[in-house]
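Contents: one structure, followed by commentary.
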Amino acid sequence: MRVDYEDHLAECVHCRGRQRRHRTIDVLLLCAFTLTFVAFLLMSLVLHRLETLTHIVNVHMHLHEPTLSHIPSSITISLQAVVVAGLVISLLLWVLVAMVTPIPGIVTGFVRRRVSPDTSDPLSKHAA
C-alpha cells in the first residue's frame, strides 16, 4: 500500500503540493513551539532574577523604599507557576508534533535531493 501511495504522490501534482504544504505547517509548528518554550524559559529566568533582586533589596536596604518591593511574593509565585505550566505545555506540544510528523523522512528526502548521485557512492564506500 505504501508503494501505491508513493507512486500516487510522484504522479499527482495536487497531492504532492498538499503534502508539501502540510509539511511546511508541521515545521512552522515546531518552530513556533520552540520559540514559545524559549520565551517561557526566559520569562522564568527574569522572574527568578526579579525575585532575587527584590529579596536582596528588602534584606539589605532598609533606608529607601525600593521600587520593586511593591510586588507581593504571592504574585511572583503565581507568575512562576504560569511560566512553568507554559514550559510544560509547549514542550508537550512540541513532542506531540514531532511524533506525528515524519521528520526523519523529511530530513532524509532533503539530504537525498541535495546530495548528487556522484557523491553518494563514495560516501557509502567509506561507510562500509
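Quick one: which helices (runs of 4 or more DSSP H) sit completely within segment 31-128 and have at least 2 residues that are within 30 Å of E6 (Cβ to Cβ) and modelled with pLDDT under 85?
Passing ranges, in order: 103-114, 117-127.
Residues in segment 28-50 that are without any contact (Cβ under 8 Å) to a residue 60 or more places away in the chain and surrounded by 13 or more Cβ atoms within 10 Å (Cβ to Cβ): A32, T36, F37, A39, F40, L41, M43, S44, L47, H48, L50.
The values are calculated or read from the model by the stated rules, or taken from the named source; none is laboratory data. What you see is a predicted model; the values in this text were computed from it and never measured. Note that we place each Cβ from the backbone using ideal geometry, even for glycine, and neighbour counts take in every protein chain shown.
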